[in-house]
1. Condition (residue is at positive phi and of a type outside the set (Lys, Arg)) applied to the range 24-37: is it met by at least one residue?
2. If you take just the strands (runs of 3 or more DSSP E) that sit entirely in the range 1-86, which of them hold at least 2 residues that are among the β-branched types (Val, Ile, Thr) and touching a helix residue (DSSP H, G or I) at 6+ places or on another chain (Cβ under 8 Å)?
3. Of all residues in the range 3-54 being touching a residue at least 12 places away in the same chain (Cβ under 8 Å), surrounded by fewer than 17 Cβ atoms within 10 Å (Cβ to Cβ) and among the acidic types (Asp, Glu), which is farthest from Leu75 (Cα to Cα)?
4. Are any residues in the range 1-49 more than 11 Å from the chain's Cα centre (by Cα), under 14 Å from Gly91 (Cα atoms) and among the hydrophobic types (A, V, I, L, M, F, W, C), and if so, which ones?
5. Counting only residues that are surrounded by fewer than 17 Cβ atoms within 10 Å (Cβ to Cβ) and in contact (Cβ under 8 Å) with a residue 24 or more places away in the chain, which one in the range 67-81 is farthest from Ser26 (Cα to Cα)?
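Readers should treat all values here as calculations from the given coordinates under stated rules, not as data from a laboratory. Being a predicted model, the structure only gives us computed values, none of them experimental. Virtual Cβ from ideal backbone geometry, glycine too; neighbours counted across all protein chains shown.
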Amino acid sequence: MRKFKQVICADGFSMSVQASETHYCSPRETGAEKYTAVEIGYPSHGEPLLAYLAEEPERPCMTVYPYVPAQLVALVIAKHGGMVSGDLPPGVAPLMAVD
């Protein structure tokens, strides 16, 4: 099983974005060519765009966000200035920060 590196955004926001047969994603398989939904875990701070998906809404930084649409992940990354490091499952747009 591949573990994708934590995404760190230009403004310091970070989150784990994972997809495999053991994660809440679609398709729920390891090594898919494209995922339409992925699992986000343990963001550095609460993100209102993701709040409705939190397994434990009262603990936004210590919970998992299942089946997050790939487009929503890209939107969250863009909101935080783009990625400066990390990697994403196939199907999630790697919106890199612009210098």
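1. If we filter the range 24-37 for residues that are at positive phi, which is where we start, we get 31.
From what is left, the residues that are of a type outside the set (Lys, Arg) are 31.
Scanning the range 24-37, I find at least one residue that is at positive phi and of a type outside the set (Lys, Arg), so the answer is yes.
2. Working: elements: 7-9, 14-18, 37-41, 64-69, 83-85.
Ranges flagged: 37-41.
3. Across the range 3-54, the extreme among qualifying residues is Glu21.
4. First, pick out the residues of the range 1-49 that are more than 11 Å from the chain's Cα centre (by Cα): 1-3, 9-13, 20-24, 26-36, 44-49.
If we keep only those that are under 14 Å from Gly91 (Cα atoms) too, we end up with 20, 26-36.
Within the range 1-49, Ala32 is the sole residue that qualifies.
5. Restricting to residues being surrounded by fewer than 17 Cβ atoms within 10 Å (Cβ to Cβ) and in contact (Cβ under 8 Å) with a residue 24 or more places away in the chain, the top hit is Gly81.
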